[in-house]
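Before any comments, here is the structure.
The values are calculated or read from the model by the stated rules, or taken from the named source; none is laboratory data. Please read all numbers here as calculations on a predicted model, not as lab measurements. FYI the Cβ positions are ideal-geometry reconstructions off the backbone, even for glycines, and counts take in every protein chain you see. The accessibility values were calculated without ligands, DNA or RNA, using every heavy atom of the protein model including side chains. Shrake-Rupley method; radii C 1.70, N 1.55, O 1.52, S 1.80 Å.
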Amino acid sequence: MLAKAKSCAVVGLDGFVVDVEVDIAPGLPRFDVVGLPDAAVQESRARVRAAVRNSGYDFPLRRITANLAPADVRKAGSSYDLPLAIALLESSGQIEAVSDDVMFLGQLSLNGDLLHTDGILPMVALARESGFGTVFVPYVDMQEASLVEGIKVLGLQDLSSVLAYLRGDLQHEPPAMSSYSALSRRPLGAELDISSVRGQESAKRALEIAASGGHNVLMSGPPGSGKTLLARALPSILPSLTYDEAIDVTKIYSVASSLPKDNPLIIDPPFRSPHHTISYAGLIGGGSRPRPGEITLGHRGVLFLDELPEFGHRILEALRQPLEDKRVVISRAQGSVEYPSNFMLVGAMNPCPCGYYGDPHRECVCSTDQVARYNKRISGPMMDRIDIFIEVPRVEFDKLVAESPSGESSETVKERTSRVREVQQERFDGTPIMTNADMGPNHVHRFCQLEDAAAALIRSAMQRMHLSARVYHRVLKLARTIADLAGSEMIVTAHIAEALQYRPPERA
């Protein structure tokens, strides 16, 4: 007898419906799974066999063939355990036929418990988009699955509970979940408050501009001047994610198996800080079964690269395309996978190998050639993709020993950056653009209106500093953010002048 159950597969961050077909025929006992299954799916035969028996049902000692359709797409992971068990029991006549309106997702343990399964959020979202009315998920993934509205989500503990519900012997009500608005009102967590960074007022101002418009930043200064401290304080002034952004980021962490167990929805912009020894696949993403890399895990947040020149040349150059296109495409023999990678790049570096080139108090021991080679590790095209360059000098002693923190608190600065982001959301309503840094050339010409004096200033700067077309647009986008902070609709001379001062003179 042939039986079917509906499930789902995830490729990248997109899913597609999988028909799990089971046929039981006379013959020697055998259990085959076809339809391009990977090793984890093949191993599901043993898990399903033990789970069915330990749940009080009979496992047929006949020839069993399971097909995962469409058969030309590779199936990976352990989410097919539950639909395989349901289709098997239906095919053997132990349960009634299941409606095609129901989807089953979940990994089974040997005693029949439903275990955590990666990628629940994108799979449930696909179930809703495909017209399913009900989806069964492991109880531990119930909160994550409940983020998707418009579909009935049933989180149950084990296979026996699923079968009891299908028979009508179990009434189940989904648990209450905290709303997005309640989660987004959480107080600041353990992030470093920007007021605890002593001195560096100009750097704090630059970081506020970067946080307001999503701009890339590169900090340069001697060791111990506070570059890393400033970068780690940046998340505390970033606006909370909107609901749509939070869902996008949560999908990524769900697929990557990095979603915190106590937090079903990521509402704070992610902060990723990989070490400079990271591999190409670790940063960009990849592997035989493609997985998101650090640039995707930093989507809608910050990717902090400390000691930027120490990263491999191939890795740094690989960042150029994601920084421009806001996405990364990983191609393999089996096909291509696309991941979003719209992140703020924040880099920190010393001015030379010893770290003291240009320092007024300590002598640099590097030769001119060493300094030049060190700085050339970051190519010109890569530098063109950075909006803000900050010199971070050593902090004066009086500021270090001051009893009270200097400057505004993160909460105060975050209120301003959140207000500016709201202005940008209204400006770009109906478009995929979220921040000023995301604007393309057409949007720059439309939204970056200059007064006559400001236009004359940037024209003069283009000729004198030999700026590229890419840098020209980046200066305008940065000036747009500075104008938004000032509450100005028109970009004036002061906004252009401040944007230009963040260009590196040595690269001019």
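Only residues that are in contact with a strand residue (DSSP E or B) (Cβ under 7 Å, 6 or more places away or on another chain) and of a type in the set (Lys, Arg) were counted in the range 116-150, giving 0. Filtered by the rule that a residue be open to solvent by 10 Å² or more (accessible area, probe 1.4 Å) and assigned to a loop (DSSP other than H, G, I, E, B), the range 197-221 gives Arg198, Gln200, Gly214. Of the strands (runs of 3 or more DSSP E) contained entirely in the range 272-353, those carrying at least 1 residues that are farther than 19 Å from Leu259 by Cβ, modelled with pLDDT of 90 or more and not hydroxyl-bearing (Ser, Thr, Tyr) fall at 302-306, 327-332, 344-349.
Within the range 115-129, does at least one residue satisfy the condition of being part of a loop (DSSP other than H, G, I, E, B) and within 20 Å of Gly168 (Cβ to Cβ)?
So the first thing to find is which residues in the range 115-129 are part of a loop (DSSP other than H, G, I, E, B), and the list is 116-119.
Next, from what is left, pick out any that are within 20 Å of Gly168 (Cβ to Cβ): none.
Scanning the range 115-129 turns up no residue that is part of a loop (DSSP other than H, G, I, E, B) and within 20 Å of Gly168 (Cβ to Cβ).
For the range 141-176, which residues satisfy the criterion of being open to solvent by 30 Å² or more (accessible area, probe 1.4 Å), among the aliphatic types (A, V, I, L, M) and modelled with pLDDT under 90? Correct list: Leu170, Ala176.
Kindly check whether there is at least one residue in the range 470-482 that is outside any helix (DSSP H, G or I) and either open to solvent by 10 Å² or more (accessible area, probe 1.4 Å) or within 30 Å of Asp193 (Cα to Cα) (or both). Give the steps one after another, and end with the answer.
Filtering the range 470-482 for residues outside any helix (DSSP H, G or I) gives none.
The answer is no; no qualifying residue exists.
Would you mind finding the one in Ser92, Ser99, Ser78 that is open to solvent by 10 Å² or more (accessible area, probe 1.4 Å), more than 14 Å from Leu163 (Cβ to Cβ) and over 26 Å from the mean Cα position of the chain (by Cα)?
On the way: Ser92 fails: more than 14 Å from Leu163 (Cβ to Cβ); Ser78 fails: over 26 Å from the mean Cα position of the chain (by Cα).
Sole residue among the options that is open to solvent by 10 Å² or more (accessible area, probe 1.4 Å), more than 14 Å from Leu163 (Cβ to Cβ) and over 26 Å from the mean Cα position of the chain (by Cα): Ser99.
For the range 318-331, which positions are open to solvent by 40 Å² or more (accessible area, probe 1.4 Å) and either within 26 Å of Asn436 (Cβ to Cβ) or within 12 Å of the chain's Cα centre (by Cα) (or both)?
Of all residues in the range 318-331, those open to solvent by 40 Å² or more (accessible area, probe 1.4 Å) come to 320-321, 324-327, 329, 331.
If the condition is that a residue be open to solvent by 40 Å² or more (accessible area, probe 1.4 Å) and either within 26 Å of Asn436 (Cβ to Cβ) or within 12 Å of the chain's Cα centre (by Cα) (or both), then Arg320, Gln321, Glu324, Asp325, Lys326, Arg327, Val329 are the ones that fit.
Taking the range 487-508 as the range and being surrounded by fewer than 16 Cβ atoms within 10 Å (Cβ to Cβ) and under 20 Å from His443 (Cβ atoms) as the test, the residues that pass are Ser488, Glu489, Met490.
When the range 426-455 is filtered for residues that are part of a helix (DSSP H, G or I), within 24 Å of the chain's Cα centre (by Cα) and loosely packed, with under 14 Cβ neighbours inside 10 Å, only Glu426 remains.
Pairs meeting the criteria (first residue in the range 108-123 and within 10 Å of Lys251 (Cα to Cα), second residue of a type in the set (Lys, Arg), beta carbons under 7 Å, at least 6 apart or on different chains) are Leu121/Lys251; Pro122/Lys251.
Could you count how many residues in the range 240-268 are open to solvent by 10 Å² or more (accessible area, probe 1.4 Å) and either in contact (Cβ under 8 Å) with a residue 40 or more places away in the chain or out of contact with any helix residue (DSSP H, G or I) (no Cβ under 6 Å at 6 or more places or on another chain) (or both)? Please lay out each step first, then the result.
Within the range 240-268, the first condition is being open to solvent by 10 Å² or more (accessible area, probe 1.4 Å), and the residues that meet it are 240, 242-245, 247-248, 251, 253, 255-264, 266, 268.
Next, only the ones that are either in contact (Cβ under 8 Å) with a residue 40 or more places away in the chain or out of contact with any helix residue (DSSP H, G or I) (no Cβ under 6 Å at 6 or more places or on another chain) (or both) stay: 240, 242-245, 247-248, 251, 253, 255-264, 268.
Residues in the range 240-268 being open to solvent by 10 Å² or more (accessible area, probe 1.4 Å) and either in contact (Cβ under 8 Å) with a residue 40 or more places away in the chain or out of contact with any helix residue (DSSP H, G or I) (no Cβ under 6 Å at 6 or more places or on another chain) (or both): 20 in total.
Whenever a residue of the range 23-48 is within 23 Å of Arg289 (Cα to Cα) and basic (Lys, Arg), its partners that are modelled with pLDDT of 90 or more and part of a helix (DSSP H, G or I), lying with C-beta atoms within less than 9 angstrom and at least six residues away or across chains, give the pairs Arg45/Leu84; Arg47/Asp81; Arg47/Leu84; Arg47/Ala85. Taking Glu191 as the residue in question, decide whether it is at pLDDT below 85 and of a type in the set (Asp, Glu). Taking the combined requirement at face value, the residue satisfies it. Scanning the range 222-239 for residues that are open to solvent by 10 Å² or more (accessible area, probe 1.4 Å) and either part of a helix (DSSP H, G or I) or charged (D, E, K, R) (or both) turns up Lys227, Thr228, Leu229, Arg232, Pro235.
When the residues of the range 12-27 are filtered to those that are at pLDDT below 90 and either surrounded by fewer than 17 Cβ atoms within 10 Å (Cβ to Cβ) or of a type in the set (D, E, K, R) (or both), which remaining residue is nearest to Val255 (Cα to Cα)? For the range 12-27, the residue satisfying everything is Asp14.
Evaluate the following for Ser55: is it in contact with a Leu (Cβ under 7 Å, 6 or more places away or on another chain), small (Gly, Ala, Ser) and within 30 Å of Ile247 (Cα to Cα)?
Values: in contact with a Leu (Cβ under 7 Å, 6 or more places away or on another chain): yes; small (Gly, Ala, Ser): yes; within 30 Å of Ile247 (Cα to Cα): no.
Against the criterion (in contact with a Leu (Cβ under 7 Å, 6 or more places away or on another chain), small (Gly, Ala, Ser) and within 30 Å of Ile247 (Cα to Cα)), Ser55 does not qualify.
Quick check on my filter: what residues within the range 32-72 are of a type in the set (A, V, I, L, M, F, W, C), under 22 Å from Gly15 (Cα atoms) and crowded, with 16+ Cβ neighbours inside 10 Å? Quick ask: steps written out before the conclusion?
Going residue by residue through the range 32-72, those that are of a type in the set (A, V, I, L, M, F, W, C) are 33-34, 36, 39-41, 46, 48, 50-52, 59, 61, 64, 66, 68-69, 71.
Now restrict to residues that are under 22 Å from Gly15 (Cα atoms): 33-34, 36, 39-41, 66, 68-69, 71.
The answer is Val33, Ala40, Val41, Ala66, Leu68.
The criterion of at least 2 residues that are under 31 Å from the mean Cα position of the chain (by Cα), of a type in the set (Gly, Ala, Ser) and under 22 Å from Val162 (Cα atoms) is met, among strands (runs of 3 or more DSSP E) falling completely within the range 1-65, by 2-11.
If I filter the range 332-339 for residues that are under 18 Å from the mean Cα position of the chain (by Cα) and open to solvent by 20 Å² or more (accessible area, probe 1.4 Å), do I get at least one hit? Scanning the range 332-339 turns up at least one residue that is under 18 Å from the mean Cα position of the chain (by Cα) and open to solvent by 20 Å² or more (accessible area, probe 1.4 Å). Remark: pairs (first residue in the range 439-461, closer than 28 Å to Phe343 by Cα and among the β-branched types (Val, Ile, Thr); second residue modelled with pLDDT of 95 or more and open to solvent by 20 Å² or more (accessible area, probe 1.4 Å); Cβ separation under 6 Å; 6+ apart in sequence or on different chains) are absent.
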